[in-house]
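Worksheet: the structure to be examined is printed underneath.
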Amino acid sequence: MVNVVSARAVAERVTDPELPMLTLAELGILREVFEEDGKVIVSITPTYLGCPAMDTMRDDLLHALGEAGYPDVEVRTVLAPAWSTDWITERGKAKLADAGIAPPGKAPFTAKGPVPLTLTVRDDVTCPRCGHADTTELSRFGASACRALRRCPACGEPFEHMKEI
Amino acid sequence: MSFDNAYESITEDNDSRWAFGTGFADPLEGVDTSHPSGVDSADLEAYCLMLGDDALVLSHRLQEWSTNAPELEDEVAIANIALDLLGQARLLLTRAGARSEDEYAFFRAEHEFRNVRLTELPRGDFAELTARLFVFTTWRLAILRRLTGSRDPVLAAIAEKGVKEVTYHRDYAARWVVRLGDGTAYSRDRMLEGFAVVWPYVGELFVPSDVEERLVSAGVGVDPASTEEEFRQVVAEVCAEARIPVPDAAAIPGVAGRAGRHGVHTEAMGYLLAELQSVARTHPEASW
């Protein structure tokens, strides 16, 4: 009999390979931990379809659970519903800000009709270093697909912003 | 797993994370891949290859911009867009199901690729990239948004994720169209030349193949013709913002009515595949 609660606790401590200050649970990537035929089943969901860290996450979960005494573990991918930055927990958002990454705001509502164009640049992302509210976008794509590059005119520092998706 | 330092994280034993090359983990691992009722498996495979090959081939062209983009920010943006499209391609080729994603990508011949010709055109200059990316993403976003209602839950899920990604890609390309079109006289001319190169391949985007027609009837596929009005509206909106005329050019027909969706490609496709496939064909079954 597998202790699902403690297995879940182990899985929840596994951190993200690209944002190691956050756990997979805080990012909303960890979906379910349950037992099936004496096996621990963990399900995770990709942030982006091309996310190159999925294999690493799978390995890290297997290792963490293996070391905690769960040798029989299967990691499954779940695609629906699609991951959204709205699934990042409040604690996760606070940790992002502490690490100098402006957390995402509310994800845009995906209407049933055509997706509207955004031809203007947002200036309402708050600087995670000095708190200045009016910052400049340098590039909508940063070191990874989920982050944009911005600069704060007040403290002069560049910073990353996790994009709403 | 948390590590005390980066070295520890890459030297840990018994670790498959460095298995790059061929031999990736199945990106649909654990996903229910049973087919919806009343859908022909060969049709579903062909349809997944169409959508997957579009993403794979354009991703390859975008990757050719690595170290060639005009600015670091655009280098990073183009590489990220290429990665997103590669991710879509991996899932779609895996969904195709009859062979592995690697076999589809590396061991098919030119006539077996189902991508539209727009995606395979040579790399071109930055204005051509902008024009092509804007055209492609506007079209694909319209396709993917409709595909979220597919009766195939796997395709619907891939589309739902893809809509979020391609929305960013289209905004990136559209903003460059505006910046170049409404820039200097020189940048405007270059932007118009970019559109002149890609526009003859736009008509092909809205012509449904037999497979697509059958899958539309089955409630699984999207009729590309249904996206044309939305496509024209977005193009008109962006061209107005960029203060350039809406592009227009005679279509370059395929051969006897057959084009990319039937495996009839332009001369550029053979060169593209030679580069894409050479390592895998030289060292089949290799993983490293």
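Assorted remarks:
- Every residue from segment A:137-151 that is within 18 Å of B:S66 (Cβ to Cβ) and at pLDDT 90 or above: A:L149
- The residue that is farthest from the other protein chains (Cβ to nearest Cβ), counting only those in segment B:139-153 that are touching a residue at least 40 places away in the same chain (Cβ under 8 Å) and farther than 20 Å from B:N115 by Cα, is B:R151.
- Residues of segment A:138-147 that turn out to be under 21 Å from the mean Cα position of the chain (by Cα) and over 17 Å from A:L27 (Cβ atoms), as a count: 3
- Which numbered condition A:I44 fails, given (1) within 7 Å of chain B (Cβ to nearest Cβ); (2) closer than 19 Å to B:I158 by Cβ; (3) crowded, with 21+ Cβ neighbours inside 10 Å: (1)
For every residue, the table says whether it meets (1) among the polar types (S, T, N, Q); (2) surrounded by 19 or more Cβ atoms within 10 Å (Cβ to Cβ).
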position: B:R175; (1), (2): no, yes
position: B:M191; (1), (2): no, yes
position: B:V198; (1), (2): no, yes
position: B:F206; (1), (2): no, no
position: B:S217; (1), (2): yes, no
position: B:G254; (1), (2): no, no
position: B:Q277; (1), (2): yes, no
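- For segment B:224-244, a residue qualifies if it is assigned to a loop (DSSP other than H, G, I, E, B) and either buried (at least 17 other Cβ atoms within 10 Å of the Cβ) or free of Cβ contacts under 8 Å to residues at least 40 places away in the same chain (or both), and exactly one does: B:I244.
- Whether a residue is within 14 Å of chain B (Cβ to nearest Cβ), within 29 Å of B:V234 (Cα to Cα) and in contact (Cβ under 8 Å) with a residue 24 or more places away in the chain was assessed, and A:W87 does not pass this test.
- Residues in segment B:52-83 that are touching an Asp or Glu at 6+ places or on another chain (Cβ under 6 Å) and modelled with pLDDT under 95: B:A69 only.
- Residue check for A:A145: free of Cβ contacts under 8 Å to residues at least 24 places away in the same chain and of a type in the set (A, V, I, L, M): no
- Residue within segment A:127-148 that is within 8 Å of chain B (Cβ to nearest Cβ) and farther than 27 Å from A:A53 by Cβ present: no
- B:E103 acidic (D, E) and surrounded by fewer than 24 Cβ atoms within 10 Å (Cβ to Cβ): yes
- Every condition in (1) without any contact (Cβ under 8 Å) to a residue 60 or more places away in the chain; (2) part of a loop (DSSP other than H, G, I, E, B) holds for B:G219 except the one numbered (1).
- Output for segment A:55-74, where each listed residue is within 7 Å of another protein chain (Cβ to nearest Cβ) and among the hydrophobic types (A, V, I, L, M, F, W, C): A:A64
- The strands (runs of 3 or more DSSP E) falling completely within segment A:28-85 include none with 3 or more residues that are modelled with pLDDT under 90.
- Filtering segment B:247-278 to residues that are over 19 Å from B:G124 (Cβ atoms), β-branched (V, I, T) and in contact (Cβ under 8 Å) with a residue 12 or more places away in the chain leaves only B:V264.
- In segment A:86-116, residue nearest to the chain's Cα centre (by Cα) [restricted to those that are surrounded by 19 or more Cβ atoms within 10 Å (Cβ to Cβ) and in a loop (DSSP other than H, G, I, E, B)]: A:I88
- B:R90 vs. criteria within 26 Å of B:T282 (Cβ to Cβ) and facing chain A (nearest Cβ under 8 Å): yes
- Unique residue being hydroxyl-bearing (S, T, Y), within 21 Å of B:R258 (Cβ to Cβ) and assigned to a helix (DSSP H, G or I) when the list is B:Y104, B:Y168: B:Y104
- Residues (among the β-branched types (V, I, T) and under 26 Å from B:Y47 (Cβ atoms)) located in segment B:193-211: B:V198, B:V202, B:V207, B:V211
The values are calculated or read from the model by the stated rules, or taken from the named source; none is laboratory data. No experiment lies behind these values; they were computed from the predicted model shown. Because the Cβ atoms are built from the backbone with ideal geometry, glycine has one as well, and the counts that use them run over all protein chains shown.
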